[in-house]
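Colleague: Here you go, one structure.
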Amino acid sequence: MNREKDYEVVIGLEVHAELATSSKIFCSCSTEFGGLPNTHCCPGCIGMPGTLPVLNKNVVEFAIRAGLATNCEISGFTKMDRKNYFYPDLPRAYQISQYDIPICKDGFIEIEINGVKKKIRIARIHIEEDAGKLVHDQWSTGSLVDYNRSGVPLIEIVTYPDMNSAEEARLFLEGLKAILQYTGVSDCKMQEGSLRADVNISVKPKSQEELGVRTEMKNLNSFRAIIRAIEAESRRQIEELESGGKIYRETRRWDDEKGVSFSMRSKEEAQDYRYFPESDIPPVIIDSEWVEEIRKSLPELPETRKRRYMEEYGLPAYDAEIITSSKALSDFFEETVKNGANAKTASNWIMGELLRLLKEKGVEDDSIPFPPVHLAKLIDIIEKGIITGTIAKKVFDNMFDSGKDPVAIVDEQGLKVVADTGTLLPVVKKVIENNPGSVADYKAGKTKALGFLMGQAMRETKGKADPKLINQLFIEELEKL
Amino acid sequence: MKLHELDISQLSGLIGRKEISVPELTRSVLDRISEIEHKLGSYISIDEERALVRASEVQEKIDKGEIKSPLAGIPMAVKDNICTRDMTTTCASRMLDKFIPPFDATVISKLNENGAILLGKLNMDEFAMGSTSFYSYFKKTKNPWNSINTPEVLCEGTPVSVAAGEAVYALGSDTGGSIRQSASMCGVVGLKPTYGLVSRHGLVACASSFDQIGPVTRNVRDCTLVLNAISGKDHMDSTSTGTSIDDYSKFLGKEIKELRIGIPGEFINNKGLLEEGIGKVFQDAVNTLSGTGIHFEEFSFPLMEYVLPVYCIISYGEISSSMARYDGIKFGYRAESCEDLIDLYKKTRGEGFGPEVKRRVILGTYFLSAKQYEKYYKKALKLRRAITDELEKALEKYDVIIGPVLPVTASTFTEHAGNPAMANEYDAFTCIANLTGLPAMSIPCGRDAMGYPAGLQLFGRRFREDILLKVAYAFEQNLGEVK
């Protein structure tokens, strides 16, 4: 029996974002991703005895930026705390984090679902350090630890349980990712682990006021995994309840390959992190002047940009939403327009061909393999009638693969429009000769047949024929018959 | 007078007038070490060769006029929890018995700039948890005042090396009283500066919000000279703070009769805690000083009864966390033949730590646990604030507060070193300074019935080591050195 519709799913998120600062949170080591194991390390970030953490001021500023951009209140007084647990990737066996006084609290992000706006409240944003990474190599039986990531600054964004579907969670995350990218707080590269989410899920009968027992899902490394995990977990919980079972407060690990989650540990076995104030770092006093300075320096945020695209460029809400959801895409669009392209046309190319190719070839939108000025040039030569729309798509594909200037591609491959009657007339005559059936249809008043004949001529000229001229020639020639 | 009996100022004068060379002086202190170290056991490691090479280098720099510091060419030693590049820093623990830091503590860099000659690393209780060396993994250090007629008294290596002439001065660390307690028992001067005056960068953490590095010297003047060199803001320690005072020695010899000096009644009237013999030594010293026209006033410090529990709860909590990194994964001791990760942790920590470290880690873990946090730690943090406020308020009225350093004699202290229930109590007078962050020092004030030295403790205002040292110097002049 499926009674999913009688239940409400309740979702809260804990999102970790790596900050885009160039150095680590408590030392001056590089935060760059990759690098040979244990090369971005110093005595400090491997927790050597005698070393002390010194808080990177940029980390505080980045966190404030994230807080302001998500409508949070910024704490005038904040402090760091120790979270104690043993694991080989945690060099001091305690993580320096924030416990009871996070740097930002009480914010929200607005999402739009089925045309209705909804506020997803943010309970808190706090600063903490990342841990290292265990490496299991094939040559030894044991595990190795790479501390390059140890001490990379993170913010953790914790929402209230305000989302009621996987789609809402996705919209929230898309919105958050865009904000963090716009403000330069994080590059949000999920494949590099710089944006990670844990999901708290519970279900309850719609008629019930109080929330159900929640489970926490860990190891969610892509939006797709998050959506699938939410769907699977809410189904599991409903089925469990429907069959008379009980939901236990537990942490579950999502296996994206198998599409199922496994219990990791129950609340009873939950770790006691023994939080207490970090005495090596004095409390941080944040004066309101500094906050105002940061507020003033915030760039245009996705929501504002979206509205501007709709008002200034007349883009449809859907297009504006998609383009502004990614800072990289949106910046690409703006640059294209700045280089003279018509905004709507540029948007069409981005929404159509560009997104298609990015998806097909698995390229991230911050790594578009050609500059915006190339798209502007392409649009320009189309508008000037130098190439046809059909050819333009080919040139675009070529631009994407080779990174070459579209004008150069057109020149090299001789793709310019053929617009002289001397060349096109014999083609038109040949098509008429070879397609008596269509000609007869045309003569019988089926104007659609003209389209077919034109298509044939286009094929003959490999798409280069000037459509207006060829249309005119057909009409003239067919009249003569 | 033998070279090893002279103080920094005297030796610096001899070097300046070229009456002795730095290598000669260094050699003579090393000889003194060879002569008596087997009886005392102050050092965990001694690096003769390095010291002599360094002595020649420093002599050259002095000759060229490149170093002007009074510490230039003076042989010294540091407690073995202060990181020294390329020299073992063991914290007297099996856990770190082979640990060689790749960096110098800030205090070491500063002393190097001043031309100090580092002889070696001094014995201590494991990870600085105690003042007797009873819990050292390596050995027990004997008090140089031991004689055949008295029960053996143990001490940290830091003051012993200074008292016995094995170093002209030394750096110690003080989390609950180590510097002052051991200085008191050896008849030397020990200062725990205001929290933040001296960088902790390179001091292996015991309890971070209590730890301070400080000088142990033959007299108050030497103390000011060492403090001049090691104090100051350090970008490697964000809890360090600079002050505008650049030379503490210039306050010495100033008149102090107009100053108000307070004695907490809770120190001297607590018959349950204060041993009679010690009470007498302290009272005699006060009487002597009063005779010279210095005014003392008893005052009440009601929160005194909470000092010890608050100190234990917070410092043990911090200790449980700062000891956590010794897990066998990255550095230090690792147990062999372990079944899995948990087994590795258990065996490494079980075998690598001694009993006092384990005791504090276990208690600290308990105090911090979610179920107990509100009951213990949170309350203790509030009381720490209240105790600090109360003492700072008293220090608005008094320029300096004084009392005994230890409530018991050196021999009682040693007798109970291995008995935590008793030993804990003996930190009552000293840990106040660590709890509040205020500066405090011990100067010799007499000897107990068995002939062991006992110190007088002075507490000062935050970052007002100038007043504290001025008073200590005046007291020293009137009480005389312990001979």
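Colleague: Which condition number does A:Phe86 fail, the rest of (1) free of Cβ contacts under 8 Å to residues at least 24 places away in the same chain; (2) open to solvent by less than 20 Å² (accessible area, probe 1.4 Å) being met?
Modeller: So A:Phe86 meets the others, but not (2).
Colleague: Shifting gears a bit: Could you please give the count of residues in region A:233-257 that are farther than 17 Å from A:Lys218 by Cβ and assigned to a helix (DSSP H, G or I)?
Modeller: 6
Colleague: Looking only at region A:1-58, how many residues end up being in contact (Cβ under 8 Å) with a residue 40 or more places away in the chain, farther than 16 Å from A:Ser194 by Cα and among the basic types (Lys, Arg)?
Modeller: Here the count works out to 1.
Colleague: Among what's in region B:470-483 and is farther than 16 Å from B:Tyr398 by Cβ and not β-branched (Val, Ile, Thr), pick the residue that is most open to solvent (accessible area, probe 1.4 Å).
Modeller: Once the filter is applied, the top-ranked residue is B:Lys483.
Colleague: Moving to a separate point now. Look at region B:207-221 and say how many of its residues are of a type in the set (A, V, I, L, M) and either surrounded by fewer than 24 Cβ atoms within 10 Å (Cβ to Cβ) or part of a strand (DSSP E or B) (or both). Walk me through it before giving the result.
Modeller: Pass one, region B:207-221, residues of a type in the set (A, V, I, L, M): B:207, B:213, B:216, B:220.
Those still in the list that are either surrounded by fewer than 24 Cβ atoms within 10 Å (Cβ to Cβ) or part of a strand (DSSP E or B) (or both) too: B:213, B:216.
Total satisfying the criteria: 2.
Colleague: Of all the helices (runs of 4 or more DSSP H) wholly in region A:304-383, which have at least 2 residues that are out of contact with any Lys or Arg (no Cβ under 6 Å at 6 or more places or on another chain) and basic (Lys, Arg)?
Modeller: A:327-338, A:355-361
Colleague: Which count do you get for residues in region B:361-375 that are assigned to a helix (DSSP H, G or I), within 16 Å of B:Pro309 (Cβ to Cβ) and within 11 Å of chain A (Cβ to nearest Cβ)? Lay out the reasoning, then the answer.
Modeller: Going through region B:361-375, the residues assigned to a helix (DSSP H, G or I) turn out to be B:361-368, B:374-375.
Restricting the remaining residues to those that are within 16 Å of B:Pro309 (Cβ to Cβ) gives B:363-364, B:366-368, B:374-375.
From what is left, the residues that are within 11 Å of chain A (Cβ to nearest Cβ) are B:364, B:366-368.
Qualifying residue count for the region: 4.
Colleague: Here's a check for you: in region B:257-273, which residue that is surrounded by 13 or more Cβ atoms within 10 Å (Cβ to Cβ) and among the small types (Gly, Ala, Ser) is farthest from B:Arg461 (Cα to Cα)?
Modeller: B:Gly265
Colleague: Scanning for something open to solvent by 60 Å² or more (accessible area, probe 1.4 Å), in the same structural domain as A:Gln98 (by TED's automatic domain parsing) and over 24 Å from the mean Cα position of the chain (by Cα), does region A:217-235 turn up at least one residue?
Modeller: yes
Colleague: Hey, another quick one. Name the single residue that is nearest to the other protein chains (Cβ to nearest Cβ) among those in region A:53-67 being over 27 Å from the mean Cα position of the chain (by Cα) and open to solvent by 20 Å² or more (accessible area, probe 1.4 Å).
Modeller: Of the residues in region A:53-67, the ones over 27 Å from the mean Cα position of the chain (by Cα) are A:53-57.
Okay, now just the ones that are also open to solvent by 20 Å² or more (accessible area, probe 1.4 Å), so A:54-57.
Details: A:Val54: 5, A:Leu55: 7, A:Asn56: 11, A:Lys57: 11 Å.
Checking each candidate, the answer is A:Val54.
Colleague: Return the residue satisfying two criteria in turn: it lies in region A:275-300 and is in a loop (DSSP other than H, G, I, E, B) and open to solvent by 40 Å² or more (accessible area, probe 1.4 Å), and of such residues it is farthest from the other protein chains (Cβ to nearest Cβ).
Modeller: Within region A:275-300, the first condition is being in a loop (DSSP other than H, G, I, E, B), and the residues that meet it are A:275, A:278-283, A:286-287, A:298-300.
From what's left, open to solvent by 40 Å² or more (accessible area, probe 1.4 Å): A:275, A:282-283, A:287, A:299-300.
Values: A:Tyr275: 8, A:Pro282: 6, A:Pro283: 11, A:Asp287: 18, A:Pro299: 31, A:Glu300: 35 Å.
Result: A:Glu300.
Colleague: If the requirement is being in contact with a Ser or Thr (Cβ under 7 Å, 6 or more places away or on another chain) and in a loop (DSSP other than H, G, I, E, B), which of these qualifies: B:Leu469, B:Leu406?
Modeller: Values: B:Leu469 fails: in a loop (DSSP other than H, G, I, E, B).
Result of the check over B:Leu469, B:Leu406: B:Leu406.
Colleague: Can you spot a residue in region B:176-198 that is within 14 Å of chain A (Cβ to nearest Cβ), buried (at least 24 other Cβ atoms within 10 Å of the Cβ) and assigned to a strand (DSSP E or B)?
Modeller: yes
Colleague: Just to verify a result, which residue in region B:289-324, among those that are small (Gly, Ala, Ser) and within 22 Å of B:Phe459 (Cβ to Cβ), is least open to solvent (accessible area, probe 1.4 Å)?
Modeller: Only one residue tops the list, namely B:Ser315.
Colleague: Can you name every residue in region B:76-125 that is more than 10 Å from chain A (Cβ to nearest Cβ), open to solvent by 20 Å² or more (accessible area, probe 1.4 Å), under 30 Å from B:Ser21 (Cα atoms) and of a type in the set (A, V, I, L, M, F, W, C)?
Modeller: B:Leu118
Colleague: Let me confirm something: among B:Lys382, B:Lys378, which residue is open to solvent by 60 Å² or more (accessible area, probe 1.4 Å), free of Cβ contacts under 8 Å to residues at least 40 places away in the same chain, within 12 Å of chain A (Cβ to nearest Cβ) and in a helix (DSSP H, G or I)?
Modeller: After ruling out the rest, the residue left standing is B:Lys378.
Colleague: Turning to a different aspect of this structure: I'm told A:Gly76 meets every condition in (1) touching a Pro at 6+ places or on another chain (Cβ under 6 Å); (2) surrounded by fewer than 19 Cβ atoms within 10 Å (Cβ to Cβ) except one. Can you identify the failing condition by its number?
Modeller: Exception for A:Gly76: condition (1).
Colleague: Among the residues of region B:133-151, is there at least one that is in a strand (DSSP E or B), in contact with a helix residue (DSSP H, G or I) (Cβ under 8 Å, 6 or more places away or on another chain), under 18 Å from B:Ser442 (Cβ atoms) and modelled with pLDDT of 95 or more? Outline the logic, then answer.
Modeller: Restricting attention to region B:133-151, the residues satisfying the condition of being in a strand (DSSP E or B) are B:142.
From what's left, in contact with a helix residue (DSSP H, G or I) (Cβ under 8 Å, 6 or more places away or on another chain): B:142.
This time we only want the ones that are under 18 Å from B:Ser442 (Cβ atoms), so: none.
Looking for residues that are in a strand (DSSP E or B), in contact with a helix residue (DSSP H, G or I) (Cβ under 8 Å, 6 or more places away or on another chain), under 18 Å from B:Ser442 (Cβ atoms) and modelled with pLDDT of 95 or more, one finds none in region B:133-151, hence no.
Colleague: For region B:325-360, give me each residue that is open to solvent by less than 20 Å² (accessible area, probe 1.4 Å), within 9 Å of another protein chain (Cβ to nearest Cβ) and in contact (Cβ under 8 Å) with a residue 24 or more places away in the chain.
Modeller: Once the filter is applied, which keeps residues that are open to solvent by less than 20 Å² (accessible area, probe 1.4 Å), within 9 Å of another protein chain (Cβ to nearest Cβ) and in contact (Cβ under 8 Å) with a residue 24 or more places away in the chain, region B:325-360 yields only B:Tyr326.
Colleague: Would you be able to tell me the number of residues in region A:384-427 that are part of a helix (DSSP H, G or I) and more than 14 Å from A:Lys468 (Cα to Cα)?
Modeller: First, the residues of region A:384-427 that are part of a helix (DSSP H, G or I): A:389-402, A:406-413, A:421-427.
Then keep just the ones that are more than 14 Å from A:Lys468 (Cα to Cα); that gives A:391-402, A:406-413, A:422-423, A:426-427.
So the answer is 24.
The values are calculated or read from the model by the stated rules, or taken from the named source; none is laboratory data. The structure displayed is predicted, hence computed values, not measured ones. Positions of Cβ are generated from backbone atoms using ideal geometry, with glycine treated the same way; all protein chains shown enter the neighbour counts. Protein only, heavy atoms only, side chains kept; ligands, DNA and RNA dropped before computing areas. Shrake-Rupley method; radii C 1.70, N 1.55, O 1.52, S 1.80 Å.
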